[in-house]
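K.L.:
After the structure tokens below, expect a handful of questions from me.
The values are calculated or read from the model by the stated rules, or taken from the named source; none is laboratory data. Here the structure is a predicted model, which means the values were calculated and not measured. Here the Cβ is made from the backbone with ideal geometry for all residues, glycine too, and neighbour counts use every protein chain on show.
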2 protein chains.
Amino acid sequence: MIVRMFLNCSLQQGIKADLDSGQVNYLANVLRMKNGDKLAVFDGRSGEYEAITENLSRKSGSLRIGRKIRDFSPSPDIWLLFAPLKKDCTDMVIQKATELGAAKIIPVITKYTNNANIRIERYAAQAIEAAEQCRRLDVPQIEKPQTLDVMLKNFPADRTLFFLNEKGSKQDILETIKNHTGKAALLIGPEGGFSEDEIKKILAYPKVCDIFLGNRILRAETAALAGLVCWQAVNGDWKD
Amino acid sequence: MIVRMFLNCSLQQGIKADLDSGQVNYLANVLRMKNGDKLAVFDGRSGEYEAITENLSRKSGSLRIGRKIRDFSPSPDIWLLFAPLKKDCTDMVIQKATELGAAKIIPVITKYTNNANIRIERYAAQAIEAAEQCRRLDVPQIEKPQTLDVMLKNFPADRTLFFLNEKGSKQDILETIKNHTGKAALLIGPEGGFSEDEIKKILAYPKVCDIFLGNRILRAETAALAGLVCWQAVNGDWKD
């Protein structure tokens with residue numbers, strides 16, 4: 001497997017891209033790459049390019065960008081709105097949501113959310129690492145945490161809000177998704193669920209749509225992944 | 001949320017069930033329950049019962065089994081055959097596969113499997129814990145590890161083998177599952193994938209069926225969960 005690296009710049013064949021200290025450490029010290037070694041790089045908007053290490057020492061280095069390997073194509077337009085969980089579970093959500101092709105991830109603060117430990121920089125780093133590994137050409141956008149009220153207030157009118165409502169209707173999830181094509185978001189509550197008051201507010205949103213994931217009680221992180229899987233299989237890019 | 005506990009005995013209203021030291025520790029020391037406190041118990045075959053703690057000390061105790069709360073219904077007949085992974089990832093597979101209703105979990109040893117750390121007792125304990133939390137009435141059966149050859153040799157002729165084959169056909173996964181109702185198993189390889197030789201052997205099995213989970217490279221544990229999600233949504237018990 002060739003090494004893939006996300007570069008936060010605008011890629012083009014022939015340019016030189018400087019590496020930051022974390023990237024240098026990874027290539028030179030972790031992978032023990034030498035000058036002239038090859039990797040693949042992507043910038044989230046221009047596709048994937050070959051790159052060759054130059055002037056690589058243990059402290060600094062750069063890449064010479066070579067030919068384009070893959071044209072850019074964005075991930076499907078699905079957002080994940082989730083209430084942050086314990087550290088390990090949040091890490092898992094970010095990593096798996098990236099693999100499962102979420103375009104945007106928004107931490108949502110609800111009444112029962114454990115919000116003691118929301119670290120956006122950590123989430124962003126994990127999303128990049130997961131994007132590198134799963135061969136995505138983009139990286140999910142990690143938004144700042146928003147309260148549920150603010151999120152609902154700003155929620156775009158043209159986007160379906162799939163709501164995992166344990167007290168809601170038990171419609172077939174695949175049929176429900178199939179009947180709501182186009183831009184979508186998936187809203188998953190914290191371990192303690194949403195309050196009655198929160199459920200009312202969510203259901204008052206015009207394009208909201210209950211989804212049902214069976215009678216076993218799924219952990220919040222499992223529910224987030226299950227919702228993304230169903231969406232990708234029905235309206236996403238899992239069809240050849 | 002009421003506490004749920006799996007008891008490895010045959011439950012019936014009125015009987016006394018002795019607790020083992022781990023169960024006593026959990027109820028008396030972790031949850032600080034007192035005599036006369038209520039919980040829900042299940043045995044994997046008789047449904048769910050109320051139970052009341054009796055003679056509970058920090059070292060021993062028993063439960064008096066009360067009325068039946070829920071009749072037994074087994075989980076749908078889907079098996080997960082997976083190549084054991086690093087410890088954390090295997091833990092995740094066992095926990096999530098239990099939540100997602102796998103009836104049986106078989107660790108399969110393949111050419112590229114990291115089999116240094118297969119601990120069946122640990123898997124079984126995790127399956128029980130996850131079953132308690134997700135309100136299942138049964139616990140997935142955890143089989144002893146089998147080599148791929150032995151697994152294929154013993155694989156029942158009446159069961160579809162859904163095979164996550166990265167080099168296989170890219171048929172729509174939901175259609176594929178829909179076209180193969182009845183007993184099923186899901187086979188997921190290790191991080192390094194299957195060898196060419198292994199793929200040939202698997203494809204020689206008569207009821208094998210490739211499944212496709214998109215072009216992003218999913219980690220093995222993500223693929224296992226995604227496959228179970230799709231199966232439950234199409235042929236499992238996620239319809240009301």
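K.L.:
Can you tell me how many residues in the stretch A:108-136 are among the charged types (D, E, K, R) and part of a loop (DSSP other than H, G, I, E, B)?
P.N.:
4
K.L.:
Residue check, B:L80 against (1) farther than 20 Å from B:R136 by Cα; (2) part of a strand (DSSP E or B), all met but one. Which one?
P.N.:
Of the numbered conditions (1) farther than 20 Å from B:R136 by Cα; (2) part of a strand (DSSP E or B), the odd one out for B:L80 is (1).
K.L.:
Residue check, B:R119 against (1) under 20 Å from the mean Cα position of the chain (by Cα); (2) assigned by TED's automatic domain parsing to the domain that holds B:G14, all met but one. Which one?
P.N.:
Unmet condition: (2).
K.L.:
Regarding A:V229, is this residue in contact (Cβ under 8 Å) with a residue 60 or more places away in the chain and of a type in the set (V, I, T)?
P.N.:
yes
K.L.:
Still on this structure, I have one more. I'd like the full set of residues that are in contact with a strand residue (DSSP E or B) (Cβ under 6 Å, 6 or more places away or on another chain) and within 19 Å of A:K183 (Cα to Cα), limited to the stretch A:201-240.
P.N.:
A:I202, A:Y205, A:K207, A:V208, A:C209, A:D210, A:I211, A:A224, A:G227, A:W231
K.L.:
OK, next. Quick one: which residue in A:A40, A:A51, A:A28 is surrounded by 20 or more Cβ atoms within 10 Å (Cβ to Cβ), touching a Lys or Arg at 6+ places or on another chain (Cβ under 7 Å), of a type in the set (G, A, S) and without any contact (Cβ under 8 Å) to a residue 40 or more places away in the chain?
P.N.:
The conditions single out A:A28.
K.L.:
Please tell me if B:F163 is under 18 Å from B:L218 (Cβ atoms) and either out of contact with any Pro (no Cβ under 9 Å at 6 or more places or on another chain) or touching a residue at least 40 places away in the same chain (Cβ under 8 Å) (or both).
P.N.:
Spelling it out, B:F163 is indeed under 18 Å from B:L218 (Cβ atoms) and either out of contact with any Pro (no Cβ under 9 Å at 6 or more places or on another chain) or touching a residue at least 40 places away in the same chain (Cβ under 8 Å) (or both).
K.L.:
Among the numbered conditions (1) over 17 Å from B:R219 (Cα atoms); (2) in contact with a helix residue (DSSP H, G or I) (Cβ under 9 Å, 6 or more places away or on another chain), tell me where B:A103 comes up short.
P.N.:
(2)
K.L.:
So is B:I94 assigned to a helix (DSSP H, G or I) and hydrophobic (A, V, I, L, M, F, W, C) or not?
P.N.:
yes
K.L.:
B:A184 passes all but one of (1) in contact with a strand residue (DSSP E or B) (Cβ under 6 Å, 6 or more places away or on another chain); (2) without any contact (Cβ under 8 Å) to a residue 40 or more places away in the chain; which number fails?
P.N.:
(2)
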